[in-house]
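What follows is a single structure, written as structure tokens, with notes after it.
The values are calculated or read from the model by the stated rules, or taken from the named source; none is laboratory data. Because the structure is a prediction, the values reported are computed rather than measured. Positions of Cβ are backbone-derived with ideal geometry, glycine not excepted, and every protein chain shown enters the neighbour counts. The area values use the complete protein model at the heavy-atom level, side chains included, leaving out ligands, DNA and RNA. Shrake-Rupley method; radii C 1.70, N 1.55, O 1.52, S 1.80 Å.
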Amino acid sequence: MFNDIGPLELLTLIVLAVLVFGPDKLPKVIQDITRTIRKIREFSESAKRDIRDELGPEFKDFEFEDLNPKTFIRKQLDNDDLGLKEIRNGFDFKKEMADVSDAVHSRDSDSSAGSPGGASGSSGGSVDMSKRPDTDRDDRPPFDADAT
């Protein structure tokens, strides 16, 4: 419950409790707090039991923690029935990026050494990614000085 409270923070809380409630009332306050927490836990457990009983035997493995969206998604992604682990393990991001980088660098060296129009059809179906203006198209809109 208090996993992220350090020793200094815990000591500060104890000193504050002693100062606020006083040393004579502090044991009674602690008993009241623990009794309230116990009643809340009992109430939530009985509510969970009632909901499970109402849902019936079809939902016997239903967990209320699964209602948290993060937990639900994590549980579904870790499910072996979907085969997502094999996909995730089979995909090597570094290798894919190295292949793309090699393709880009070889494309740059091929297009700079060859003719400007020769890269589109002779490289085995790959696409020319260089930004060269098309010289055969002259359909630019007319310049409008008032528009700027």
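Listing for the model above:
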{"quantity": "Distance in nm between pseudo-label sites at PHE43 and ALA145 (7 Å out along the Cβ direction from Cα)", "calculated": "7.9 nm"}
{"quantity": "Accessible area per residue in Å² at 1.4 Å probe, computed on the range 1-47", "calculated": "92 Å²"}
{"quantity": "Heavy-atom accessible area order for PHE143, PHE72, PHE64, largest first, 1.4 Å probe", "calculated": "PHE143, PHE72, PHE64"}
